[in-house]
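Since the structure comes first, as structure tokens, the remarks are kept for the end.
We did not get these values from a lab; they are worked out from the coordinates using the rules stated. Just so we're clear, the structure is a prediction, and the values are computed from it rather than from any experiment. FYI the Cβ positions are ideal-geometry reconstructions off the backbone, even for glycines, and counts take in every protein chain you see.
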Amino acid sequence: KATPRVRQLTASLIQHLHDFARENDLTVDEWMLGVELMNEAGRMSDDRRNEGQLVCDVLGLESLVDEITFKLASDAADEPTATAILGPFYRHDAPKLPMGACIVDEKTNKEGDRTWMHGTITDFTTGKPIEGVEVDVWHTAPNGLYEQQDPDQPDMNLRGTLTTGKDGKYDFYCLRPVPYPIPYDGPAGKILKALDRHPYRPAHIHFLLKHHGYKPIVTQIFDRNSKYIEDDAVFAVKDSLLVDFKPFQGDPKADFELPYDFKMASF
Ligand code: DHB
Ligand code: FE
């Protein structure tokens with residue numbers, strides 16, 4: 001729809017594209033390469049492969065709009081939990097699980113360090129726990145693949161949705177994730193190669209927190225000791241999202257413990 005906002009964004013995009021062509025004396029052949037890149041991304045994209053978003057991500061665009069959006073939303077001194085990019089591998093309708101559930105499929109995931117993650121979700125202005133927060137979590141298997149990228153993993157492996165009770169607490173069992181490369185056999189990979197950049201992301205776990213009274217939080221937490229913390233291929237790392245996996249004794253289901261609290265901002 002041609003709202004004033006759509007007109008503004010479209011006009012501005014055209015202006016910057018023309019400036020780009022003029023500043024670089026862009027030739028027809030060079031422009032055609034860009035067209036082919038876009039077409040290839042379109043051909044590649046389906047439910048399992050979100051190449052358009054991947055291209056934006058290696059260009060740092062999703063990370064930039066995340067930062068702009070988060071800044072607009074937070075004006076207070078004590079901030080709610082920082083946001084981070086959604087990434088191309090989110091899936092709707094992850095299975096609803098009870099607190100303390102394990103998101104690891106025991107048959108296919110023999111490797112990987114079992115981790116017990118837990119924390120409290122509070123209102124960042126009052127500090128009070130929030131009941132009824134939907135916590136969506138997802139991460140990769142030890143082979144660096146999300147379940148939809150990997151025919152060997154069962155549907156919805158390493159994904160789940162939990163809902164906090166009165167105490168605002170959540171907990172579940174997962175794996176300690178590892179660094180892995182984003183898919184680099186397509187246009188996103190070509191861009192990385194052109195810039196001599198690697199395709200790796202540091203070990204991370206994704207979250208989407210939702211509650212009707214609060215602004216949703218799309219974020220990721222990062223293993224502080226992971227490789228690539230300093231040079232994430234998609235620029236998503238923020239200091240406040242670095243976490244420490246702690247060796248954990250006394251629970252046969254986990255070798256590591258990961259405490260992390262989230263703070264949400266009301267509308
Ligand atoms: C991207 C983000 C991810 O979280 C991921 O696992 C892979 C790729 C991305 O933004 O491109
Ligand atoms: Fe990811």
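What's the exposure ranking of M32, M264, M156, going from fewest to most Cβ atoms within 10 Å?
Numbers: M32 10, M264 22, M156 16.
Listing M32, M264, M156 from fewest to most nearby Cβ atoms yields M32, M156, M264.
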message: Just to be sure I understand the curve: with the Debye formula and one point per C-alpha of the chain, what is log10 I(q)/I(0) at q = 0.07, 0.08, 0.14, 0.15 Å⁻¹?
response: -0.29, -0.38, -1.06, -1.19
- prompt: How far is it, in nm, from the label point at H118 to the one at F248 when both lie 7 Å from their Cα along the line to the Cβ?
  reply: 0.8
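What shape does segment 28-176 have by the C-alpha gyration tensor, where a ≥ b ≥ c are the square roots of the eigenvalues, rounded means a/c under 1.5, and otherwise prolate means a/b greater than b/c and oblate the rest? Walk me through the numbers before you get to the answer.
Numbers: a/c = 2.87, a/b = 1.30, b/c = 2.20.
Note, shape of segment 28-176 comes out oblate.
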- request: Using a cut-off of 9 Å between beta-carbons, work out the net charge of the residues near M264 (Lys and Arg +1, Asp and Glu -1, M264 not included).
  value: +1
0 to 90° range, to nearest 10: angle between helix 28-44 axis and the chain longest Cα axis: 30
Segment K193-V6, length gained on full extension (0.36 nm per residue, minus Cα span): 64.0 nm
task: Please find, in a Gaussian network model of the chain (springs between Cα atoms separated by less than 10 Å), the residue of L145, L13, L162 whose mean-square fluctuation is greatest.
output: L13
statement: Mean projected area (nm²) from the convex hull of Cα positions in segment 154-207 is 5.7
statement: Final fewest-first order of E30, E62, E134 on the 10 Å Cβ neighbour count is E30, E134, E62
- prompt: What lysines sit close enough to K227 to cross-link, taking a C-alpha to C-alpha distance under 25 Å and skipping anything fewer than 8 places away on the same chain?
  reply: K110, K190, K193, K238, K246
statement: Note on the chain: contact order normalised by length, alpha-carbon pairs under 8 Å, 6 or more apart, percent, works out to 23
- prompt: Counting each DSSP H run of 4 or more residues in the chain as -39500 (n - 2.57), what helix-only mean residue ellipticity at 222 nm follows after dividing by all residues, to the nearest 500 deg cm²/dmol?
  reply: -8000 deg cm²/dmol
- line: Computed over segment 204-253, the relative contact order (Cα-Cα under 8 Å, seq sep at least six) in percent reads 29
- prompt: What's the angle, to the nearest 10 degrees (0 to 90), between helix 61-73's Cα axis and the longest principal axis of the chain?
  reply: 60
Folded to 0 to 90 degrees: helix 4-23 orientation relative to the chain principal axis, Cα: 60
- request: Report, for the chain, the % of DSSP beta bridges that are antiparallel, rounded to 5.
  value: 75
statement: For segment 136-206 the mean separation of alpha carbon contacts under 8 Å (6+ apart) over residue count, i.e. relative contact order in percent, is 34
